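The values are calculated or read from the model by the stated rules, or taken from the named source; none is laboratory data. Predicted, not measured: the structure shown is a model, and the values here were computed from it. Here Cβ is always computed from backbone atoms with ideal geometry, including for glycine, and neighbour counts include all displayed protein chains.
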Amino acid sequence: MPTENASVTVIGLGAMGQALAGAFLDAGHPTTLWNRSPGKGDDLVARGALRAASSEEAVKASELIVVSVVDHDAVQAIVDPLADALQGRVLVNLTSDTPERSREVAAWAAERSIAYLDGAVMVPTPVVGTPDALLFHSGSQDAFERHESTLKALGGNTVFVGTDPGLAAVYDLSLLDFFYGSISGLVHAFALAKADGVKAVDIAPYMNTIAQIMPPIAEGTAANIDAGSYPGAEANLGMMAAGVRHILHAARTRGLDVSHLESITSVADRAIAKGHATGDWAATYEAIVNQD
């Protein structure tokens, strides 16, 4: 079992890679660094990190190797020449990409008997290393359990989601799907308000009303989708779709981009056409997965 101050190597010193390395250092882990291009990591070295002269030297410095680069093409370019050096070590890939790409790297590692964990960091860099930081891991359960205490230096909410190495990416993309849809809706809402002379900063405090009701809505919507049952006693889809059309009309009248509102309306209308007018908003799932 690794000790509490197990050594770690971090490959990739972009903003996220530096945040990961900093969290390991803060937790007392001897940390070795390597980056494809020179000139990064000086602050980390000043804090006690070791800068390796080569990627092979970096890998050989630790049992736990954490990679955080731009995409899985970059991951593959880095690890391909390191197959021999990675033998007997654990490769943790904290690079965002698709589930398919995660499984490809995992298959590469399995063919070479390299223990592999795929992962996703779900917080911005300032939150990395804090109790609130959420990270997903999937792949080798044995590797996760052996190094869990070390990996938790990156965040108090470090979760293993399954042995399918693509699952961390599934969780990652699902949460980001929600985030980007939400932040896009927020910006559009501010644009709608400003079109009538209301400052964004004036309406922003009231957005918390919507944010605070989302957790129970998320839980209920998830349960309804998994059950395939969409009770609309509190608010039915037909009524809510009418509300979306009011927003669409107002935004179009004010000359705003309405493409995302048109998409929302289209999905809702297809679900209604499938007989879900009296169901809740979760019924739009049927139109998303069945587009005929």
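Out of 91, 86, 134, which single residue is surrounded by 23 or more Cβ atoms within 10 Å (Cβ to Cβ) and among the hydrophobic types (A, V, I, L, M, F, W, C)?
Values: 86 fails: surrounded by 23 or more Cβ atoms within 10 Å (Cβ to Cβ); 134 fails: surrounded by 23 or more Cβ atoms within 10 Å (Cβ to Cβ).
So the residue among 91, 86, 134 that is surrounded by 23 or more Cβ atoms within 10 Å (Cβ to Cβ) and among the hydrophobic types (A, V, I, L, M, F, W, C) is 91.
The listed residues are 251, 195, 242, 235, and the only one of them that is in contact with a helix residue (DSSP H, G or I) (Cβ under 6 Å, 6 or more places away or on another chain) and among the hydrophobic types (A, V, I, L, M, F, W, C) turns out to be 251.
With respect to residue 126, is the statement that it is surrounded by fewer than 23 Cβ atoms within 10 Å (Cβ to Cβ) and within 13 Å of the chain's Cα centre (by Cα) true? Steps first, answer last, please.
Values: surrounded by fewer than 23 Cβ atoms within 10 Å (Cβ to Cβ): yes; within 13 Å of the chain's Cα centre (by Cα): no.
No: the conditions fail for residue 126.
Being among the aliphatic types (A, V, I, L, M), closer than 27 Å to residue 25 by Cα and surrounded by fewer than 18 Cβ atoms within 10 Å (Cβ to Cβ) is the requirement here; does residue 159 meet it? Yes; evaluated as a whole, the condition is true for this residue.
Could you tell me whether any residue of segment 205-226 is over 20 Å from residue 285 (Cβ atoms) and more than 28 Å from the chain's Cα centre (by Cα)? Looking for residues that are over 20 Å from residue 285 (Cβ atoms) and more than 28 Å from the chain's Cα centre (by Cα), one finds none in segment 205-226, hence no. For the criterion of being without any contact (Cβ under 8 Å) to a residue 60 or more places away in the chain, closer than 18 Å to residue 20 by Cα, in a helix (DSSP H, G or I) and in the same structural domain as residue 66 (by TED's automatic domain parsing), residue 104 fails. Of the numbered criteria (1) closer than 17 Å to residue 182 by Cβ; (2) out of contact with any Asp or Glu (no Cβ under 9 Å at 6 or more places or on another chain); (3) touching a residue at least 12 places away in the same chain (Cβ under 8 Å), the one residue 278 fails is (1). Scan segment 108-124 for residues that are among the aliphatic types (A, V, I, L, M) and more than 15 Å from residue 86 (Cα to Cα) and the total you get is 4.
If you take the residues in segment 162-186 that are among the hydrophobic types (A, V, I, L, M, F, W, C) and exposed (fewer than 14 other Cβ atoms within 10 Å of the Cβ), which one is farthest from residue 96 (Cα to Cα)? The selected residue is 183.
Being modelled with pLDDT under 95, more than 30 Å from residue 99 (Cα to Cα) and among the small types (Gly, Ala, Ser) holds for only one residue in 191, 235, and it is 235.
State all residues of segment 19-40 that are assigned to a loop (DSSP other than H, G, I, E, B) and at pLDDT 95 or above; if no residue qualifies, say none. Before the answer, list the steps.
Quick first cut of segment 19-40, residues assigned to a loop (DSSP other than H, G, I, E, B) only: 27-30, 35-40.
27, 28, 29, 30, 35 - these are the residues of segment 19-40 that are assigned to a loop (DSSP other than H, G, I, E, B) and at pLDDT 95 or above.
Candidates in segment 1-18 are the residues that are of a type in the set (Gly, Ala, Ser) and either surrounded by 14 or more Cβ atoms within 10 Å (Cβ to Cβ) or part of a loop (DSSP other than H, G, I, E, B) (or both); of these, the one that is nearest to the chain's Cα centre (by Cα) is 17. A search for C-beta distances below 6 Å between a residue of segment 203-230 that is within 25 Å of residue 271 (Cβ to Cβ) and any residue that is surrounded by 10 or more Cβ atoms within 10 Å (Cβ to Cβ) and of a type in the set (A, V, I, L, M), counting only pairs 6+ apart in sequence or on different chains, returns 221/282; 224/282; 225/282; 230/282; 230/283. Checked against the criterion of being modelled with pLDDT of 95 or more, hydrophobic (A, V, I, L, M, F, W, C), within 22 Å of the chain's Cα centre (by Cα) and in a strand (DSSP E or B), the candidates 151, 176, 186, 135 yield just one match: 135. Residue 44 falls short on exactly one of the conditions (1) farther than 22 Å from residue 118 by Cα; (2) touching a helix residue (DSSP H, G or I) at 6+ places or on another chain (Cβ under 6 Å); (3) part of a loop (DSSP other than H, G, I, E, B); (4) not hydroxyl-bearing (Ser, Thr, Tyr), and that condition is (3).
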